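Report on the structure given below.
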Amino acid sequence: MNPREVAAVLAYLGRLDPRTMRTDTGEARDQIAQWHELLGDVPFATDHGWDVREAIKAHVLASPYPILPVDVARRWRTYRRDRLDRHTDPTPVADPDDPAAWQAELLDTRDAVAAGATAPATHRQITGGRPRPDIEERLAAIGSCIPPAVRADLAKYRPARAAREAAVAAGGPDVLSVRCEWCHAGEGEPCRSRRVGLDGRPRGNAPRATPHPSRIDLAAAERTQPVAA
C-alpha cells in the first residue's frame, strides 16, 4: 500500500475504533508513516480473498485491544502461507532444458499466487466431504474397479475372497455374510482354523481358504428363508 491507501485504511479503522484516531496533524502524519513502514508490501485488496478492511474488522470484533500495523502484517503472512499450502506447481511451459527459465517461471507463479493475483492451482488437491448420494448406484452400474485379469492374479494371494467371489458368481450363497458358529468369525471375516488342545482350549488362529461346512449350511438356509411381508 502507498501512503494514500494507508491513510484510507486508518480513516476506516477510526470509524470502527475511535481510540485509534489522531486529531493532531503531526500525530496523524507519524501514524501514517509508521503504518506504511510495516505495510508497504501488503496490498489493499486482491482479486482472490484478501481485503485489508476485512482483516481490520475481524480484529476489532475478536480483540478488545486496538489493532497495530503488525497485526495486519501477520494476517497478510497467514493469508500468503495458506495460499501457498493449497497450491500445486503446474508444469512450466518453459523449455525443461533451460533450468533458469524453468525455475523463473515456477517462482513467478508462486509469487503471483502468494500475492493474491492468481488463484492456487489445486488440481491435485484431495477433496473432502461426504460421498455422493448416488455413488452406490454408479458403482453397481460400473461393476468392480479391479480389472478381471488383475483380479485373477490376486486370487492366489487372497484365497478366501476368491472362493467367496467364485461361489457367488456360480449362484451360491455368500457364505461370509453370516457369522460362523464354529470358529466365531464375524460377518465378512474368513473362517479360522480352530483346534482344541488337550486342556480343552482352542488352539490356532490361521485364516482358512474355505469356510467351515456349518457356515455354508447356515448361509444357504438363510438364503432360502422367505422374506417377511
Theoretical FRET efficiency, 1/(1+(r/R0)^6), r = Cβ-Cβ of Leu84 and Asn2, R0 22 Å, to 0.05: 0.30
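When Lys and Arg each count +1 and Asp and Glu each count -1, what net charge do the other residues less than 14 Å away from Asp30, Cβ to Cβ, add up to? Mind showing how you got there, number by number?
On the way: positive: Arg22, Arg29; negative: Asp24, Glu27, Glu37.
Net charge around Asp30: -1.
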Surface per residue (accessible, 1.4 Å probe) for the chain, Å²: 70
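Measure off, as a whole percent, the carbon and sulfur share of the 1.4 Å-probe accessible area of region 1-105, all protein chains present.
For region 1-105, the apolar C and S fraction of the accessible surface comes to 52 percent.
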Within the chain: Cβ-based charge dipole about Cα centre, in debye rounded to nearest 20 (Lys, Arg +1; Asp, Glu -1): 1460
All-pairs alpha carbon distance profile, region 35-120, 5 Å steps from 0, percent: 3, 13, 21, 18, 16, 11, 8, 5, 3, 2, 1, 0
Sites Trp102 and Glu37, calculated FRET efficiency, Cβ-Cβ separation with R0 25 Å, nearest 0.05: 0.10
Choice from Ala112, Ala169, Ala121 showing the highest fluctuation, given a GNM over the chain with Cα pairs closer than 10 Å: Ala169
Local net charge near Tyr65, Cβ-Cβ under 12 Å (Lys/Arg +1, Asp/Glu -1): -1
In degrees, nearest ten, helix 3-16 long axis to first principal axis of the chain (Cα): 70
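Which value, in debye to the nearest 20, describes the size of the charge dipole of region 1-89 about its Cα centre when Lys and Arg Cβ atoms bear +1, Asp and Glu Cβ atoms bear -1, and nothing else is charged? Intermediate values should be presented prior to the final figure.
Values: 14 positive and 14 negative charges, 36 e Å.
The calculation lands at about 180 debye.
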Taking the convex hull of Cα positions in the chain, its mean projected area over all directions (nm²): 27.9
With Cα atoms, 0 to 90° folded angle of helix 159-169 axis to the chain main axis: 80
Protection proxy ranking of 47-57, 100-110 - average other beta-carbon atoms within 10 Å, highest first: 47-57, 100-110
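The values are calculated or read from the model by the stated rules, or taken from the named source; none is laboratory data. No experiment lies behind these values; they were computed from the predicted model shown. Methodologically, a virtual Cβ is constructed for each residue, glycine included, from the backbone with ideal geometry; neighbour enumeration extends over all protein chains shown. Quick note on the areas: whole protein, heavy atoms, side chains included, nothing else; ligands and nucleic acids left out. Shrake-Rupley method; radii C 1.70, N 1.55, O 1.52, S 1.80 Å.
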